[in-house]
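K.L.:
Provided herewith is a single structure, encoded as structure tokens, for subsequent inquiry.
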Amino acid sequence: MFLAMDTVFDQCSIAILDDSGKVISSQTETGKRQQTQQILPMIDAALTKSQLSLSDIQALIFNRGPGAFSGIRINTAVVQALSVAHDLPCVGISSLQAIAQCAYQQYGLTEVYSALDARMQQVYFGHYLLQEQRLDNQSDNPSKIAIMQPVSIEESDSTEQLLDYERQTLLNIPIVGNGAGLLSHYDGQIYHEDVCPDAVVIGQLGIAQFMTLGGTDAALALPKYLRNQAWKTLKEQGKA
């Protein structure tokens, strides 16, 4: 069993999945104002409903960003605390990969740019392409899952970056996520701003990653901000 969580996409979302990716329990509450108060009771409720305890969980899966700084901090802190308390490995999943995976599930898109509004006249941006991955879950008939995998961004070794508003993408492929409408488009270029993953999508990606690479301990379950200084106070940034 795997426990997945997300507080990055302006929501508090919890899911429990088995090693084939089947959903055992899931709940999502929209809005971000009560995430700190919601997340632990929601985890307890999901475990109780599923007649499970944290000792039954194989790994903790979380949205490690990029995205809303407070949301990243909340689910990262919860995962780290539970990992230390219960000796559980952690799996961090990119918010941009989750958007791409959700676009595949929602619209059947097999190659996309993910764009998440980063404010400050920029979007978080990544390029993803569908690949089939085997889930080695030690069964006689291991299942396979189609995963939107990252592609190095053009003229860069990175798979995630900040892109200014109104920039045009190199390729005329679909753009998905709430930042899709903030970029310039080719004539007829498809874009979907309504793609918003929940903890189920985070969990499915996390299981595939865990089966391939394993997990990390709490000390290495780190957030990904992209803006490395923006999470600091103005005084810490030297602007106050």
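K.L.:
Would you list Ser55, Ser50, Ser95 from the most to the least accessible area, probe 1.4 Å?
P.N.:
On the way: Ser55 105, Ser50 25, Ser95 0 Å².
Of Ser55, Ser50, Ser95, the descending order of accessible area is Ser55, Ser50, Ser95.
K.L.:
Return the ratio Rg/(2.2 N^0.38 Å) for the range 31-163, where Rg is computed over Cα atoms only.
P.N.:
1.21
K.L.:
If the cut-off is 13 Å between C-alpha atoms, which aspartates and glutamates fall inside it for Lys144, apart from same-chain ones fewer than 8 positions away?
P.N.:
Within reach: Asp19, Glu132, Asp136.
K.L.:
Here's something else I'd like to know. Within the range 63-78, which residues have the backbone N less than 14 Å from the label spot 7 Å out from Leu40 along Cα→beta-carbon, could you tell me?
P.N.:
74-75, 77-78
K.L.:
List the residues whose amide H sits under 5 Å from the amide H of Ala59, counting only those 5 or more places along or on another chain, with H placed 1.01 Å from N in the peptide plane.
P.N.:
Here Leu3 satisfy the definition.
K.L.:
What shape does the range 88-131 have by the C-alpha gyration tensor, where a ≥ b ≥ c are the square roots of the eigenvalues, rounded means a/c under 1.5, and otherwise prolate means a/b greater than b/c and oblate the rest?
P.N.:
Numbers: a/c = 2.28, a/b = 1.05, b/c = 2.17.
Here the range 88-131 falls in the oblate category.
K.L.:
I would also like to ask the following. At q = 0.10, 0.16, 0.17 Å⁻¹, what log₁₀ I(q)/I(0) does the chain have when each alpha carbon counts as one equal point scatterer in the Debye sum?
P.N.:
Evaluating at q = 0.10, 0.16, 0.17 Å⁻¹ gives log10 I(q)/I(0) of -0.46, -1.14, -1.27.
K.L.:
I've got another one for you. With a probe of 1.4 Å, find how much accessible area the chain has per residue, and write the answer as a whole number in Å².
P.N.:
49
K.L.:
Let's test the formula: R0 of 22 Å, r as the Cβ-Cβ distance of Leu222 and Gln133. What FRET efficiency results, to the nearest 0.05?
P.N.:
Plugging the Cβ-Cβ distance into 1/(1 + (r/R0)^6) gives 0.40.
K.L.:
Divide by every residue of the chain the summed helix terms, -39500 (n - 2.57) for each DSSP H run of at least 4, and state the resulting mean residue ellipticity at 222 nm, rounded to the nearest 500 deg cm²/dmol.
P.N.:
-8500 deg cm²/dmol
K.L.:
Moving on to the next point. Relative to the longest principal axis of the C-alpha atoms of the chain, give the angle of the C-alpha long axis of helix 35-49, reported between 0 and 90° and rounded to the nearest 10°.
P.N.:
40
K.L.:
Quick one: helix 95-107 against the long Cα principal axis of the chain, what's the angle to the nearest 10°, folded into 0 to 90?
P.N.:
With rounding to tens, the tilt is 90 degrees.
K.L.:
So how much accessible area does Cys196 have, in Å² to the nearest 10, using a 1.4 Å probe?
P.N.:
Roughly 70 Å² of Cys196 is accessible to a 1.4 Å probe.
K.L.:
In addition: Normalised by the residues of the range 148-204, what does the relative contact order come to in percent, with Cα pairs under 8 Å and at least six apart?
P.N.:
26
K.L.:
For the range 159-217 and the range 69-126, what is the separation of their C-alpha centers, rounded to whole Å?
P.N.:
10
K.L.:
Grab the eigenvalues of the alpha-carbon gyration tensor for the range 51-113, scale each by 5, take roots, and send me the semi-axes largest first in whole angstrom.
P.N.:
Those come to 27, 16, 8 Å.
K.L.:
Still on this structure: For a test of the definition: using alpha carbon positions, the gyration tensor, and the 1.5 limit on a/c, classify the range 92-224 as rounded, prolate or oblate.
P.N.:
Taking the square roots of the gyration eigenvalues as a ≥ b ≥ c, the range 92-224 is prolate.
K.L.:
Less than 19 Å from a label point 7 Å out along the Cα-to-Cβ axis of Ala81: which backbone N atoms in the range 1-36 qualify, by residue?
P.N.:
3-9, 11-15, 29, 32-36
The values are calculated or read from the model by the stated rules, or taken from the named source; none is laboratory data. This is a predicted model, so every value here is computed, not measured. Positions of Cβ are generated from backbone atoms using ideal geometry, with glycine treated the same way; all protein chains shown enter the neighbour counts. Ligands, DNA and RNA are excluded from the accessible area calculation, which covers all protein heavy atoms including side chains. Shrake-Rupley method; radii C 1.70, N 1.55, O 1.52, S 1.80 Å.
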